[in-house]
1. Answer yes or no: is there a residue in region 258-270 that is under 28 Å from A111 (Cα atoms), under 20 Å from the mean Cα position of the chain (by Cα) and either part of a strand (DSSP E or B) or modelled with pLDDT under 80 (or both).
2. Go through L32, L63 for me and flag whichever is surrounded by 15 or more Cβ atoms within 10 Å (Cβ to Cβ) and under 23 Å from N139 (Cα atoms).
3. Can you tell me which residue among A41, A46 is assigned to a helix (DSSP H, G or I), in the same structural domain as A121 (by TED's automatic domain parsing) and out of contact with any helix residue (DSSP H, G or I) (no Cβ under 9 Å at 6 or more places or on another chain)?
4. Output the residues belonging to region 54-107 that are closer than 21 Å to L18 by Cα, at pLDDT below 90 and polar (S, T, N, Q).
5. Evaluate the following for E124: is it part of a helix (DSSP H, G or I), surrounded by fewer than 14 Cβ atoms within 10 Å (Cβ to Cβ) and modelled with pLDDT under 85?
6. Can you tell me which of (1) of a type outside the set (A, V, I, L, M, F, W, C); (2) surrounded by fewer than 18 Cβ atoms within 10 Å (Cβ to Cβ); (3) touching a residue at least 24 places away in the same chain (Cβ under 8 Å) is the one Q138 doesn't meet?
7. Being of a type in the set (K, R), under 25 Å from K114 (Cα atoms) and at pLDDT 85 or above narrows it down to one of R290, R298, R228, so name that one.
Amino acid sequence: MMDRLAEGTRGVDAVIFLDRLARLDTYPEADLELLGLQDLANAARAARAEHAESLGRAAGMALDLEHFVDLGRHLGDSGAGDHGRWIRELLLIATLRPWLSKPRGFLADGALAKAMALVSARPEAFLAASMLAGDRRQNEYPDGLGEEAKELLSLLDELPLLVLFDRSAESGSQLRVLEALAIAGVDAIEAAEDAIADHVKRADLRIPRQAGQLRFAAATGVGFVVCRMEAGTWQVISAAGHTVLHWTPDTGEHGRPMVQVLTDTTWRILEGDPVTGFPLPTVTEPLRVRLTVGSDSREVDLRPSDE
């Protein structure tokens, strides 16, 4: 690898070199000596120090950050192989971040933030891919990587917990999960804090069946999160006598929200606005809704309760 770098800095070579060296750097010196890798590691570190600027520039240009985030948005809820490959590339970007040139580093920061928000919003979809974190911890020393990689690995570690809360909310076993978390420790409880709050609110919501029709209705002031997106959350709340979908941004940087409902095979735009919300119709079947904010788009099913 270093021979190829000496001949000319190519993007793919720089990516592989920096990733491997970043991971090698986390090993204790005694382990490197025992494995016979001490001289190789020292030579690689010297090469990185000497060619830091050109390596960072070449590696950054080899990463298609814009396409990467867009690809993640369009991953379905199935296809564990695709999710696994995407997560591995995400970890690669996070590992390389400290060594990228300044302009590409700024772009990488944005891509990492969006990608991690996407993973947090869909823990079930990325659950199988989260095993990558356990594999790294078992075979390497990832706690010695940069802050970006450690933050991502921590998120992957938490995905099973988030999925557990989603599933326990459906089965009514939240109390047992909370008791287990109390034993597990404060970190585990904090990791699931948002999920707990969402599902406590959801338990108070009533979407009753009346006269054979499905009417979406909620008590005043009560709402629940139906979808987390990269820039904020969508909630069902009660407002002005109607049950509405309401968009709450996390930051000021987001596109105009839009809601569409599926009627037969046609998507119809739901009238409303970001301030007052988007009133939900009365229907006879579960409602398929498409939520769009800027370039981020998700589809959710709103279903009635059994009561």
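The values are calculated or read from the model by the stated rules, or taken from the named source; none is laboratory data. Only a predicted model underlies this, so the values are computations on that prediction, with no experimental measurement involved. Cβ: placed from backbone, ideal geometry, glycine included. Neighbour counts: every protein chain shown.
1. No: zero hits.
2. L32
3. Only one candidate qualifies: A46.
4. Passing the criteria: S54, S101.
5. no
6. It is condition (3) that Q138 fails.
7. Matching residue, one of R290, R298, R228: R290.
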